[in-house]
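The values are calculated or read from the model by the stated rules, or taken from the named source; none is laboratory data. The structure displayed is predicted, hence computed values, not measured ones. Cβ sites come from the backbone with ideal geometry, for glycine too, and all protein chains shown count toward neighbours.
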Amino acid sequence: MDAIAPDHDAAHFPGALAQSFPGDPEIAELAALALALTDAFVGPDAPPLAAVDIPAIAWDHAILRRVPSAR
C-alpha cells in the first residue's frame with residue numbers, strides 16, 4: 001500500500017473486508033474509497049497555485065501533477 005498517513009488506523013480495513021466478504025467486493029471498495037478520502041484530507045499539502053501566477057504559465061509545456069495524497 002502507498003504511504004499511509006500516521007494518524008489513522010484503518011489502512012488495512014479494506015483488505016480485511018475483502019477477505020471477510022469475498023463474494024461482496026463492493027464492501028471493500030467502499031472502505032477503500034472512504035480510506036482514500038480520509039488520506040486526501042490528512043495527507044501532505046501540495047504547494048498552491050496563486051491566481052496571479054496563472055497568466056505566466058506556458059500551458060503548451062506545463063506538467064500537471066496530482067496532489068501527494070491522490071490515488
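Observations, loosely collected:
- Failed condition for residue 69, given (1) in contact with a Pro (Cβ under 7 Å, 6 or more places away or on another chain); (2) assigned to a loop (DSSP other than H, G, I, E, B); (3) modelled with pLDDT of 80 or more: (3)
- Of all residues in region 43-71, those that are under 30 Å from residue 32 (Cβ atoms) and without any contact (Cβ under 8 Å) to a residue 60 or more places away in the chain have Cβ atoms under 8 Å from Cβ atoms of residues that are assigned to a loop (DSSP other than H, G, I, E, B) and basic (Lys, Arg), 6 or more apart or on another chain, in 46/65.
- Filter pass, residue 27 being touching a Phe, Trp or Tyr at 6+ places or on another chain (Cβ under 9 Å), assigned to a helix (DSSP H, G or I) and modelled with pLDDT of 85 or more: yes
- Taking the listed residues 40, 32, 62, the one that is small (Gly, Ala, Ser) and not in a helix (DSSP H, G or I) is 62, with no other qualifying.
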